[in-house]
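Just below is one structure, and these are the notes that go with it.
The values are calculated or read from the model by the stated rules, or taken from the named source; none is laboratory data. Note that this is a predicted model, so its numbers are computed, not measured. Counting neighbours? That spans all protein chains shown, and the Cβs are built from the backbone with ideal geometry, glycine included. Calculation scope for accessible area: heavy atoms of the full protein, side chains included, ligands and nucleic acids excluded. Shrake-Rupley method; radii C 1.70, N 1.55, O 1.52, S 1.80 Å.
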Amino acid sequence: MDVKVLNTSANEQKLWKQLARLKEISPSLANCVDLERIKRVATDIHFYAENNSDFESQKEGGRGDVYRLAQRIPVVRAIGILNLFRLVASEENLENLLPNDLILDALGGDGVLVRALKQLLPESSIPNILTSDLSEEMIRGAVEYRIPALWQPAQQLLLKDRSMDGVILAYGTHHIPRAQRLIVCKEGFRVLKYGGRFVLHDFEEGSPVARWFKEIVDRYSYTGHDVPHFTREEIASYLIEAEFR
């Protein structure tokens with residue numbers, strides 16, 4: 001795959017440069033990118049970003065720097081992160097994860113899942129993980145950790161059809177506008193290989209954690225957190241309509 005930066009828009013140039021870097025770090029993940037999608041995603045990405053700037057830097061009105069500071073030690077979420085990868089593993093067994101498994105962490109922030117796994121599992125069980133996020137701030141953070149990463153919206157992935165062994169959407173799913181959640185599930189289905197696993201995680205509406213976000217974080221943080229969490233029925237309806245089985 002020959003990666004070139006042509007005379008294109010600023011967003012498109014960023015994506016080509018990121019792809020060139022990804023090719024150096026992980027050629028197998030870079031080969032999963034559909035080059036024909038780059039121009040379209042570069043054109044549309046700010047449509048999604050304008051409605052969800054929570055994780056950009058504070059100077060841009062977000063709380064990305066604060067979030068990154070809180071995630072410096074990723075193993076504080078060790079149990080949850082291991083459970084996510086247990087669910088995406090074949091037969092739900094972490095021992096079945098292999099370095100040549102291609103996993104998309106579609107709401108990956110600055111690479112929290114990758115950084116945690118490197119401390120929790122032997123190298124022989126760590127899959128090849130592509131961290132992606134809608135926030136440029138988060139992707140810059142992942143790059144600083146030398147993690148394979150791409151700036152892309154979960155609603156419109158750059159990846160080829162049937163290219164991933166697993167897709168994880170975790171922790172930030174409630175920030176996806178409700179009208180776009182089905183689109184995200186359909187994108188996850190599109191990029192999964194047949195027999196691949198899709199894990200969608202959220203704190204269920206009305207649960208203690210969802211209440212904590214609503215009653216504490218929304219009230220006392222400067223960015224607020226007035227976003228609807230998922231219900232069990234909502235998740236089931238999205239997965240069925242996206243053709244998961």
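If one computes P(r) from the Cα atoms of the range 146-245, what percent of pairs lie at distances over 24 Å? Let's see the in-between values first.
Working: 1447 of 4950 pairs.
Taking all Cα-Cα pairs of the range 146-245, the fraction more than 24 Å apart is 29 percent.
Which percent of the accessible area of the chain is formed by carbon and sulfur heavy atoms (probe 1.4 angstrom)? Could the numbers behind the result be given before it?
Details: 6410 of 12380 Å².
Whole-percent figure for carbon plus sulfur exposure: 52.
Grab the Cα-Cα distance for Ser124 and Glu243, subtract it from 0.36 nm times how many residues apart they are, and report the gain in nm with one decimal.
Values: separation 119, 0.36 × 119 = 42.84 nm, distance 3.26 nm.
Result for the pair: 39.6 nm of gain on full extension.
Sorting Thr43, Thr231 by accessible area (1.4 Å probe), largest first, what list results? Write out the running numbers ahead of the final one.
Numbers: Thr43 105, Thr231 45 Å².
Heavy-atom accessible area, descending, gives Thr43, Thr231.
Could you report the chain's accessible area per residue, 1.4 Å probe, as an integer in Å²?
Details: 12380 Å² over 245 residues.
Counting only protein heavy atoms, the per-residue value for the chain is 51 Å².
Excluding Lys193 itself, what net charge comes from residues whose Cβ is under 13 Å from its Cβ, given Lys and Arg +1 and Asp and Glu -1? Could the numbers behind the result be given before it?
Details: positive: Lys160, Arg162, Arg190, Arg197; negative: Asp101, Asp161, Asp165.
With Lys, Arg at +1 and Asp, Glu at -1, the neighbours total +1.
Quick check for the chain: number of Lys pairs with alpha-carbon distance under 17 Å, counting only pairs 8 or more apart or on different chains?
The result is 11.
Per q in 0.18 Å⁻¹, report the Debye log10 I(q)/I(0) for the chain, using one uniform scatterer on each alpha carbon and no solvent.
Results for the chain at q = 0.18 Å⁻¹ read -1.64.
Give a quick list of GluC sites (Glu not before Pro) in the range 140-222 that DSSP marks as loop, anything other than H, G, I, E or B, with at most 16 other Cβ atoms within 10 Å.
Glu204, Glu205
So how exposed is Phe230, as accessible area in Å² (1.4 Å probe, rounded to 10)?
10
For Glu233, Glu123, Glu137, give the ranking by accessible area with the largest first, probe 1.4 Å.
On the way: Glu233 130, Glu123 155, Glu137 25 Å².
Descending order: Glu123, Glu233, Glu137.
What ranking of Ile79, Ile25 comes out by heavy-atom accessible area, probe 1.4 Å, highest first?
Values: Ile79 135, Ile25 60 Å².
So, going from the largest accessible area down, we get Ile79, Ile25.
Measure off 7 Å from each Cα along the Cα-to-Cβ vector at Ala20 and Asp218, then give the distance between these two points in nanometres to one decimal.
My value for the distance between the label points is 4.5 nm.
With every protein chain left in place, what is the accessible area of Glu91 in Å² (1.4 Å probe, nearest 10)?
Only protein atoms counted, so the area is about 150 Å².
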